[in-house]
1. Can you tell me which residue is farthest from the ligand (Cβ to nearest atom) among those in segment 45-55 that are at pLDDT 95 or above and on the phi > 0 side of the Ramachandran plot?
2. Of the residues in segment 167-210, how many are assigned to a loop (DSSP other than H, G, I, E, B) and more than 12 Å from the ligand (Cβ to nearest atom)?
3. Taking segment 84-133 on its own, how many of its residues are modelled with pLDDT under 95 and hydrophobic (A, V, I, L, M, F, W, C)?
4. Just to check your reading of the model, which residue among PHE121, PHE100, PHE141 is surrounded by 14 or more Cβ atoms within 10 Å (Cβ to Cβ), among the hydrophobic types (A, V, I, L, M, F, W, C), within 16 Å of the ligand (Cβ to nearest atom) and over 16 Å from the mean Cα position of the chain (by Cα)?
5. Considering only segment 127-150, state which residues are within 24 Å of ARG109 (Cβ to Cβ), of a type in the set (D, E, K, R) and either in contact with a strand residue (DSSP E or B) (Cβ under 7 Å, 6 or more places away or on another chain) or part of a helix (DSSP H, G or I) (or both).
6. Test of understanding: among ASP108, ASP84, which residue is in a helix (DSSP H, G or I), buried (at least 24 other Cβ atoms within 10 Å of the Cβ) and within 13 Å of the ligand (Cβ to nearest atom)?
7. Could you look through segment 151-166, keep only residues that are assigned to a loop (DSSP other than H, G, I, E, B) and polar (S, T, N, Q), and pick out the one that is farthest from ARG209 (Cα to Cα)?
8. Return the pairs, sorted by first residue and then second, in which the second residue is polar (S, T, N, Q) and crowded, with 22+ Cβ neighbours inside 10 Å, the first residue lies in segment 34-48 and is assigned to a loop (DSSP other than H, G, I, E, B), the beta carbons are less than 7 Å apart, and the residues are 6+ apart or on different chains.
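The values are calculated or read from the model by the stated rules, or taken from the named source; none is laboratory data. Just so it is clear, the structure is predicted and the values come from calculations on it, not from any experiment. Note: ideal-geometry Cβ built from the backbone for every residue, glycine included; neighbour counts use all protein chains shown.
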Amino acid sequence: MPPDRRQASDRMRIAEGLEMLELTLGHGEQTMMIHPVALYDAEGWVLIDTGMPGSEGAIRALAGQAGIPAHPLRAVILTHQDIDHIGGLPGFLDSEPAPFDVYAHEDDRSAIDGRAPMIKFGPERRSALLASLPDALRIPFERVFVHPSRPNVTRVLQDGETLPFGGGLTVIHTPGHTPGHVSLYHQASKTLIAGDAMVAESGELYGPRPAMTPQLEQAYASVNKLKAYDIEQVVCYHGGLVRGDVNARIAKLSDRS
Ligand SMILES: [Zn+2]
């Protein structure tokens, strides 16, 4: 754990209008820290990844501490289909007074829409998770991901497109961890929001976790693709912020020959 971590759940201003949230999930040995990102301006805020089922309240509390008004949430961007990234979505769908767009890549869309199994979270694990949840979380989860009455994804992300959030957010398709995994590049602050394309530990950058990455070669090809961007800092969903020599670190990571 880096020494400058003040408390378990926190937030960090990465740049003007760009906040990294630090959220602790679970307890005891099951503890996991994750880092959703909030982008905001006068028109509202945009959330990148939503945590586990039940994370919505904690994410809103952290966003509130950062001075972001609770509403309107303009959009949720899902970097990929894994449960720790999409699980909080039902809470936001239920609590937000106005509809908002949900962005994801085509290749993870059917899993997020409940029309195909999640690749790393098969029916057995899903049943076990659902059985462990109180009704207040299980029922919305089932409504959104098991028996959805309408598609969850309303906007399909294209590789290379720039979304009109935070003054320009470029979509980089980085498959491998999942087929439809995307990373996002915030142009104004040269920040890469890596999702799970890379992980961080104690301020150091590492490649994708092999145990959680079914297509590891493809995932490293995706890391290689990141070399095209001028990156000053990276937010990894698992491990948080890495600053300094980022392009050199990425070049080193992608050179596995
Ligand atoms: Zn993850």
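1. Out of the qualifying residues, it is GLY51.
2. So the answer is 14.
3. 9
4. PHE121
5. Of everything in segment 127-150, those that are within 24 Å of ARG109 (Cβ to Cβ), of a type in the set (D, E, K, R) and either in contact with a strand residue (DSSP E or B) (Cβ under 7 Å, 6 or more places away or on another chain) or part of a helix (DSSP H, G or I) (or both) turn out to be ARG138, GLU142, ARG143.
6. On the way: ASP84 fails: buried (at least 24 other Cβ atoms within 10 Å of the Cβ).
Exactly one of ASP108, ASP84 is in a helix (DSSP H, G or I), buried (at least 24 other Cβ atoms within 10 Å of the Cβ) and within 13 Å of the ligand (Cβ to nearest atom), namely ASP108.
7. Quick first cut of segment 151-166, residues assigned to a loop (DSSP other than H, G, I, E, B) only: 151-154, 158-161, 164-166.
Those left that are additionally polar (S, T, N, Q): 152, 154, 158.
Numbers: ASN152: 27, THR154: 29, GLN158: 25 Å.
By that ranking, first place goes to THR154.
8. Listed pairs, sorted by first residue: PRO36/THR50.
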